[in-house]
Amino acid sequence: MRKTVFFFLAASIIISSAAIAQAPQREEVAKEIDSYVQEVISTWKIPGMAVAFSWDNEPLLIKGYGVKEQRPADGIGFRGVPASDRSVASGGVPGVVNEPGEPIDENTVFQIGSVSKSFTATIMGQLVDEGLVKWTDTVKNILPDFKYYDPWVTEHMQVMDVMTHRTGIGGQVGTYFPNLGYDREDCYRMLALYKPAYTFRGAYQYNNSTFLIAEKIIEKVTGKSWEENLQERVFNKAGMKSSSANAEGYAASKNVATPHDYRFTTVELAKAQFPELVDVPAGTQGEIVTLPLYGDEQALYWLTGVGPAGSINSTVVDMLRYAQMHMNNGYIVDKVYAKKDVGAAPSACDTIRVMSEKAMRKLHEGVTITSQNDNRTTLYAHCWFVEQNNKYRLYFHTGTTWGMTAICFFVPEIKLSGVILSNCEMGANPRYAIMYKLVDLLMGLPGKDYNKEYFESYMASNQKSWAKEHAEKKELLPAPAPDKALVGEYSKDELFGDAKITRENGELYISLGKQGYKNRLVHIDGATWHFRSDGYAFPVTFTFDDDNKKAVSFIVGFPNKEEDCIGGWTRK
C-alpha cells in the first residue's frame, strides 16, 4: 500500500514538474501571437485591427495594427461615395472620415456590434441581483403594453426568453427597419406583427429586435434610460473611460476608426450603385475588395436604432477590462493596466467588483444548444456563447455592424481574457483564427494553422460561388411602365406611415419611414426597383393597373421576408 502511494506521489511530482517545464513563457507567447495577428491581417487584407489579451490578470499583448482608413487612390469608397462627402450621415451626425494612413492604436474607438448584448445582459443581471426583476418574470407583468403575434406567448414570455433568443421570432427578423428611419419605439411595436418562425422556447434563433424588450424592462424598473444604466452600471464601475453608445458617441470620439465594406467581388462592382446594372466581362475573376464607407453608407441611424442589441463603441483597452470582469465572475484586478515601471506588488493593486459572483455566474449558464458535433458543444447563455470541447471551455460573443467586427472572449481555467476589434466586415474566421491560436499557445496544445485552414476554405467557397453566379449573364426585363406611372402618394398605416414617389431632374425618388428619408429609386428588373437607405439596398416591387399606366401599390422587400407580415403601401 505504501509503495503504491509513494509511486503515485512520485508520478504526480514528475508530471507536475513536466507541466511546469512545459508552461509557456509570457514573452514568447506575446511575440508569437503578435506575429500571428500580423499574418492574419496580411492574409485577409484587413485595413486595421486592435487586440488586447490578458493572462492571469496581467497584460499579454495590447496593440493596434494597420490604419484607421484605407482610402483608394481615387478617393472613392464603397458604392461610389467620395471621401469628400462629409455631409451629415443618416444618423443625424457627421460621418467619420480619417486621413489616409493614420495608424490604429490601442485607444482607437470601434463599434463592437452584438457584443453590446452582453452589456445589456450585465445590466439585467445587476437588476436581478438587486431584486428589481427576476429572470422568470413575465414581460407582460412588467410591460403592460407588450404585444406579440401569439396571444398566449404574449402572456407567458419571460425575461430569460428575451435574453436567450428563444422567443419564436425568426433569426434577424426586424433588423433592417432602422435603416428605413424607424426608431426603437416603432420597432418595439412591430414585434406584434411578426409571425413565429418556430415554436416558442423550441429552438434558438438569433435576433436583434427582441432586445428592445430588454431595454424597455430596464427603463421601466430603474426609471432611467438604457444609456444611463449602461454608463452608471458598467462603464463607470468597470472604468471604461473611452466607451459610449449610439451614433453620437461614435462620431464624437476623437480617435475613431472608419468602417470598411469587405467582400469577394471586383472594385468596379463594389463601387457601383447597384451591381445588377454593371456589365461584368466574361472571365472576370473575383477578389477580396475592401473599401471605406462614407456618408449614409456608414448606417449611423441603424447604429442608434439597434440600441441595446449592438450600438456600443469602445476600445480594446476598455473592452479588456470588461472581458476580465466576466472572466473573474464580476471583478477587475487593476494590476492588468499598471505600467511595468510602477513596480506595485499585486497585493497593492485594487480589486474592483462590478457585480456579485452569483449574478455573473447566472449570466454564463448555457441555456440553449446552438451547435453540436462529436467533440464540441456550443450553447447560448445570457448573451455569451459557451463552447465546451474536449480540451477547455470557452466563452465568447462576436459583433458586426456596417463596416466593423468584434469578438470578446475568456477562458477561466487558464485565466485568459481578450478582445479583437477590426474596422471592416471581414467575417468571423479571422477573429476565430487568432482566438483559437492564442488558446492553443497558452495551453501548450499542438500547433494548428487556423488562419491557413480558414482562408483556404473561404477562398474556395467564394471562388466557386463567383464562378457560378457569373457563368451566365442574367437577362433583365424592361420596366412594365414609364417612370410617371410610379409617381404619386401611397398610404399604409399609422405605424409605417405614408410614402411618396417623385420625379426630379429625370430621376425617381422614394420617401418613406418616420425620418422622411428621400432615396433614389433605380429600376432593376421587370416590376422591381431598388433604393438604398442608411447603407442597405431594398427592392421595391410594384403592382400596376390593367393598362400599366399607373402603379396601384408596392411592397418593400426585406431579407427575412418581413413583408409577408407587414404588407405593402397602396396608392391614395
Requested in this report: Work out from phi, with θ = phi - 60° and the Karplus expression 6.51 cos²θ - 1.76 cosθ + 1.60, the ³J(HN,Hα) of each residue of the stretch 59-73, listed in order in whole Hz, and give x for Gly and Pro.
Outcome: x, 10, 7, 9, 7, x, 9, x, 10, 5, 9, 9, 8, x, 4
Query raised in the report: Where in the stretch 557-571 does the amide nitrogen come within less than 18 Å of the point 7 Å from the Cα of GLU489, taken along Cα to Cβ?
Result: 569-571
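Quick one: dipole size for the chain, taken about the Cα centre, charges +1 on Lys/Arg Cβ and -1 on Asp/Glu Cβ, in debye to the nearest 20. Before the final figure, lay out each step's value.
Details: 61 positive and 69 negative charges, 263 e Å.
Here the size comes out at about 1260 debye.
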Requested in this report: Relative to the compact-globule scaling 2.2 N^0.38 Å, provide the ratio for the alpha-carbon radius of gyration of the stretch 51-209.
Outcome: 1.39
Requested in this report: Would you work out the relative contact order for the stretch 74-197, in percent, from Cα pairs under 8 angstrom that are 6 or more residues apart?
Outcome: 17 percent
Query raised in the report: Pick the calculated Rg and Dmax of the Cα atoms in Å for this structure from (1) 23.7, 73; (2) 30.9, 104; (3) 25.6, 101?
Result: (3)
Requested in this report: Would you please put 351-361, 427-437, 253-263 in order of how densely packed they are, using the mean number of other Cβ atoms within 10 angstrom per residue and starting with the highest?
Outcome: 253-263, 427-437, 351-361
Report summary line: Stokes-Einstein D for the stretch 401-455 (37 °C, 0.692 mPa s, Kirkwood Rh from Cα pairs), in µm²/s, comes to 273 µm²/s
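Given contacts defined as C-alpha pairs under 8 Å and at least six residues apart, what's the relative contact order of the chain, whole-number percent?
18 percent
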Report summary line: Too long for a 19 Å Cα-Cα cut-off, among LYS195/LYS220; LYS500/LYS572; LYS117/LYS195; LYS474/LYS549; LYS147/LYS195, are LYS195/LYS220; LYS117/LYS195; LYS474/LYS549
Report task. Quick one: plug the Kirkwood hydrodynamic radius of the stretch 514-572 (C-alpha pairs) into Stokes-Einstein at 10 °C, 1.306 mPa s, and report D in µm²/s. Result -> 128 µm²/s
Query raised in the report: Using Cα atoms only, what is the angle between the long axis of helix 211-222 and the major principal axis of the chain, expressed in degrees (0 to 90) to the nearest 10?
Result: 70 degrees
Report summary line: With the stretch 240-297 reduced to its Cα atoms and the Debye formula applied, log10 I(q)/I(0) at q = 0.20, 0.22, 0.23, 0.30 1/Å amounts to -0.81, -0.90, -0.95, -1.30
Query - Degrees separating the helix 450-469 axis from the principal Cα axis of the chain, which is the longest one - result: 20 degrees
Query raised in the report: Dipole of the stretch 358-405, Cα-centred, from +1 at each Lys and Arg C-beta and -1 at each Asp and Glu C-beta, to the nearest 20 debye?
Result: 240 debye
Query raised in the report: Sorted by mean Cβ packing within 10 Å, highest first, what order do the peptides 297-309, 68-80 take?
Result: 297-309, 68-80
Report summary line: Rounded to two decimals, the Debye log10 I(q)/I(0) of the stretch 111-198 (Cα scatterers, no solvent) at q = 0.13, 0.17, 0.21 Å⁻¹ is -0.48, -0.84, -1.23
Query raised in the report: In the structure shown, do any of LYS391/LYS415; LYS63/LYS391; LYS45/LYS68 have a Cα-Cα gap over 19 Å, and if so which?
Result: LYS63/LYS391
Query - Mean ellipticity per residue at 222 nm, deg cm²/dmol - from DSSP H runs of n ≥ 4 across the chain, formula -39500 (n - 2.57) - result: -8500 deg cm²/dmol
Query raised in the report: Using 1/(1 + (r/R0)^6) with R0 = 56 angstrom and r between the beta carbons of THR570 and ASP137, what's the FRET efficiency to the nearest 0.05?
Result: 0.85
Report task. Any chance you could check the Cα centroid distance between the stretch 179-242 and the stretch 509-527 for me, in angstrom? Result -> 28 Å
Report task. Towards the positive end of the charge dipole of the chain, with charges on Cβ (+1 Lys, Arg; -1 Asp, Glu), say which of GLY488, VAL133, TYR432 has the farthest Cα. Result -> VAL133
Query raised in the report: Where in the stretch 529-568 does the label zone of LYS518 land, with the point 7 angstrom along Cα→C-beta and an amide N cut-off under 19 Å?
Result: 530-535
Report summary line: For the stretch 342-469, inverting the pair-averaged 1/r of distinct alpha-carbon atoms gives a Kirkwood value in Å of 17.1 Å
Query - the chain: angle of helix 26-44 to the longest principal axis, Cα-based, in degrees nearest 10 - result: 20 degrees
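Where a number appears in this text, it was derived from the coordinates with a stated rule and is not lab data. The model shown is predicted, which means the values in this text are computed figures rather than measured ones. Glycine gets a Cβ as well: all are built from the backbone with ideal geometry, and neighbour counts include every protein chain shown.
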